[in-house]
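The values are calculated or read from the model by the stated rules, or taken from the named source; none is laboratory data. Being a predicted model, the structure only gives us computed values, none of them experimental. Please note: Cβ atoms are built from the backbone with ideal geometry, for glycine as well, and neighbour counts cover all protein chains shown. Just the protein is used for accessible areas: all its heavy atoms, side chains included, with ligands, DNA and RNA removed. Shrake-Rupley method; radii C 1.70, N 1.55, O 1.52, S 1.80 Å.
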Amino acid sequence: MTQLEVFNPSTNEVIERLDYTNHDEINSQIKHANDAFQDWKLVDAHERSAKLYQWANLIDEHQDDLAKLITLEGGKPLDEAKGEVTYANAYVKWYAEEAKRVYGRTIPANTPSKKIVIDKFPVGVVGAITPWNFPAAMITRKMAPALAAGCTIICKPAVKTPLTTIKLVELAHKAGIPKDAISYIIASGKDAGDIFTSHESIHKLTFTGSTAVGKSLIEQSAKSVKNVTMELGGLAPLIVHKDADIEAAVQGTIDSKFRNAGQTCICANRIFVHRDIAEQYTAQLIDKVHALIVGDGLQDDVKVGPLIDNNAVKKVLTHITDAQEKGGKLSRTLDEIQSLKGNFLKPVVISNANLGMKVMHEETFGPVAPVMVYDDLDEAIKMANDTEFGLASYFFTNDYRTGLKLYNELEYGVIGWNDGGPSAAHAPFGGLKESGYGREGGTEGIEPYLETKYLSIGI
Ligand code: NAP
């Protein structure tokens, strides 16, 4: 089989060639993970916690190497990549603690001659499939809770960004986590999906990626009623109400929209601004967006790196030209947007946006901020909720009644109120509707790796 070539999206140069894991090797790895599970599930929680802490210490020690790998294979600016390593490691540290807090319960029985006891048990061997946009964090937020719960795990990173996973797994082994308890395969999504959904020794599938692929994996998993967790796509609305602190709202928009060049599942995709402040907000936003330095993530001061590949560039350009044809006003010309060539696009604000534009109803995954004006808050909430997605949403207001109304009425799993960066390892991240099910992070994030059993004892 030909080798996998890993590219640097800033230069389009090959930075590594890797052998694919063949079918027999994957089967053998699953068998070993299953054997390892029989031991790892019996390791006491304090010992599992200690091993996770050792892993976390090594990740801290190797923060710079990991960050450089993330920038090289994924393109994001080095400072952002360092932030991702800290964020990714926060999951390892959090679940090192949660390993010790998998509690059972006893329930009062309806007769004195019985006692009912409830316990949580690890699910078994986990197959994980992850995307390229957070090569460290999307991995640790599955690996750490799975290992903490007593599961073993095999991860299939995106073929575009496998190098960070390889390094993370190497560090886990160095920390003393058994080799077969945590491993990776180099395979296409299709091959990994086929085997993870059908193999009887894979007890759980956890997936992060697009809704389209998530749906097909759910269908494939139905045949064996596989336990699945789905972290899928988003189409985040960001509402700026008339009573917002405009400067804070602009900064919050930048934080939410332009991280990883707009290639995050919780990026603000659609911006709704109240008419009274629209002009002021948009002018300030354009000033800040045009000040963002675009370039190779390894260079100092770069704030926006390349898109992941040429297909991503083409898709984003389609969204921009579609918006322009439908009356959108671009803050810089198309030529200027593309002036850096390669996979780079200069960020752009599109004012006069309307609901007919692709940018307002499809995930753009690029540095494009469409701004649509509204008059009535209920109308804005209706537009914000009018989508099959329900991952993240944002609003900016300094009125607590408006804020609580928005919190209650927005149909989203993650909500930022005057906050453009709501993700945290200690909070339960996940979507409603077609953005998936199950949560990652927080006390909730270990639950997908646990099964509940109860014992009714006749006394
Ligand atoms: P993607 O195309 O769905 O790919 C994600 C992963 O799925 C990759 O590892 C990919 O493998 C694999 N895959 C592709 N086709 C598959 C198939 N038929 N069966 C099984 N696996 C398959 O998504 P992406 O472009 O990498 O990532 C962007 C998407 O992820 C966006 O929609 C974003 O919103 C979503 N996302 C969601 C979250 C969240 O937490 N909810 C976080 C990050 C990203 P290859 O290696 O072959 O590409």
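Rounding to the nearest 20 debye, state how big the charge dipole of the chain is about its Cα centre with +1 on each Lys and Arg Cβ and -1 on each Asp and Glu Cβ.
Taking the Cα centre of the chain as origin, the dipole is about 1060 debye.
Using packing as a proxy for protection, rank 46-56, 376-386 so that the peptide with the highest average count of other Cβ atoms within 10 Å comes first.
Working: 46-56: 19.5, 376-386: 16.0.
Highest mean packing first, the order is 46-56, 376-386.
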For segment 236-424, the dipole about the Cα centre with charges only on Cβ (Lys and Arg +1, Asp and Glu -1), to the nearest 20 debye, works out at 440 debye
Restraint check, Lys100/Lys179; Lys242/Lys314; Lys31/Lys174; Lys68/Lys215; Lys93/Lys314, Cα-Cα greater than 28 Å | Lys242/Lys314; Lys68/Lys215; Lys93/Lys314
Which ³J(HN,Hα) values in Hz, rounded to whole numbers, follow from the phi angles of segment 422-428 under the Karplus curve 6.51 cos²θ - 1.76 cosθ + 1.60, where θ = phi - 60° and Gly and Pro get x?
-> x, 5, 7, 4, 8, 10, x
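Full-extension gain between Glu409 and Ser188, please, as 0.36 nm times their residue separation minus the C-alpha to C-alpha distance. Intermediate values should be presented prior to the final figure.
Working: separation 221, 0.36 × 221 = 79.56 nm, distance 3.95 nm.
Length difference between fully extended and current span is 75.6 nm.
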By how many nm would the segment from Glu170 to Ile107 lengthen if fully extended, with 0.36 nm per residue of separation less the alpha-carbon distance?
-> 18.4 nm
What is the log10 of I(q)/I(0) for the chain, computed with the Debye formula using one identical point scatterer on each Cα and no solvent, at q = 0.06 Å⁻¹?
-> -0.27
Cα to Cα, under 17 Å, and not fewer than 8 places away if on the same chain: which aspartates and glutamates meet these conditions relative to Lys303?
-> Glu73, Asp79, Glu80, Glu84, Asp255, Asp287
What is the dipole size for segment 164-270, taken about its Cα centre, with +1 at each Lys and Arg Cβ and -1 at each Asp and Glu Cβ, in debye to the nearest 20?
-> 160 debye
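If R0 is 41 Å, what FRET efficiency do you get for Lys329 and Asp60 from their C-beta distance, rounded to 0.05?
On the way: r = 46 Å, r/R0 = 1.13.
Using R0 = 41 Å, I get an efficiency of 0.35.
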How long are the semi-axes of the ellipsoid equivalent to segment 301-459, from square roots of 5 times the Cα gyration tensor eigenvalues, in whole Å, largest first?
-> 37, 22, 15
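Quick one: pull the percentage of alpha-carbon pairs in segment 207-344 with a separation above 23 Å.
Working: 4390 of 9453 pairs.
For segment 207-344, the fraction of Cα-Cα distances above 23 Å is 46 percent.
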So for Val213, Val43, Val414, what's the accessible-area order with a 1.4 Å probe, most first?
-> Val213, Val43, Val414
Work out the FRET efficiency for Ser224 and Glu16 from their Cβ-Cβ distance, taking R0 = 22 Å, and round it to the nearest 0.05.
-> 0.05
Segment 1-106: D in µm²/s via Stokes-Einstein (Kirkwood Rh, Cα pairs, 4 °C, 1.567 mPa s)?
-> 77 µm²/s
How far is the Cα center of segment 336-378 from the Cα center of segment 380-432, in Å?
-> 20 Å
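Top to bottom by accessible area (1.4 Å), largest first, where do Ser435, Ser188 land?
On the way: Ser435 0, Ser188 40 Å².
Sorted by accessible area, descending: Ser188, Ser435.
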May I ask you to rank Ser456, Ser331 by accessible area, largest first, using a 1.4 Å probe over the protein chains only?
-> Ser456, Ser331
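Might you tell me the accessible area per residue for the chain, computed with a 1.4 Å probe and given in Å²?
Working: 19150 Å² over 459 residues.
I get 42 Å² per residue for this part.
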With everything on Cα atoms, drop me the angle between helix 137-149 and the longest principal axis of the chain, reported from 0 to 90° to the nearest 10.
-> 20 degrees
Considering amide H positions built from the backbone, and no H for Pro or chain starts, which residues 5 or more places from Asn227, or on another chain, come under 5 Å of its amide H?
-> Leu205
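I need the peptides 162-172, 437-447 ranked by packing, meaning the mean over residues of other C-beta atoms within 10 angstrom, with the highest value on top. Spell out each step's value before the answer.
Details: 162-172: 22.2, 437-447: 20.5.
Taking the mean over residues of other Cβ atoms within 10 Å, the ranking is 162-172, 437-447.
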Roughly to the nearest percent, how much of the accessible area of the chain is carbon and sulfur, given a 1.4 Å probe?
-> 51 percent
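For the chain, what is the calculated [θ] at 222 nm in deg cm²/dmol (nearest 500), taking -39500 (n - 2.57) for each run of four or more DSSP H residues and dividing by its residue count?
On the way: 14 runs with 182 residues, N = 459.
The per-residue figure over the chain is -12500 deg cm²/dmol.
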Would you grab the residues whose amide H sits under 5 Å from the one on Ala109? Only those 5+ places off in sequence or on another chain, please, with H modelled 1.01 Å from N.
-> Ile116
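Quick one: length gained pulling Glu451 to Asp376 fully straight, 0.36 nm per residue minus the C-alpha distance? Before the final figure, lay out the partial values.
On the way: separation 75, 0.36 × 75 = 27.00 nm, distance 4.61 nm.
Result for the pair: 22.4 nm of gain on full extension.
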Could you check the simple spin-label distance between Glu47 and Leu432, using points 7 Å along Cα→Cβ, in nm with one decimal?
-> 4.4 nm
Distant-in-sequence amide H partners of Ile271 (H built 1.01 Å from N, under 5 Å) | Leu238, Met372
Taking the dipole of segment 236-424 about the Cα centre (Lys, Arg +1; Asp, Glu -1; charges at Cβ), the one of Ala392, Gly295, Val250 that reaches farthest to the positive side is Gly295
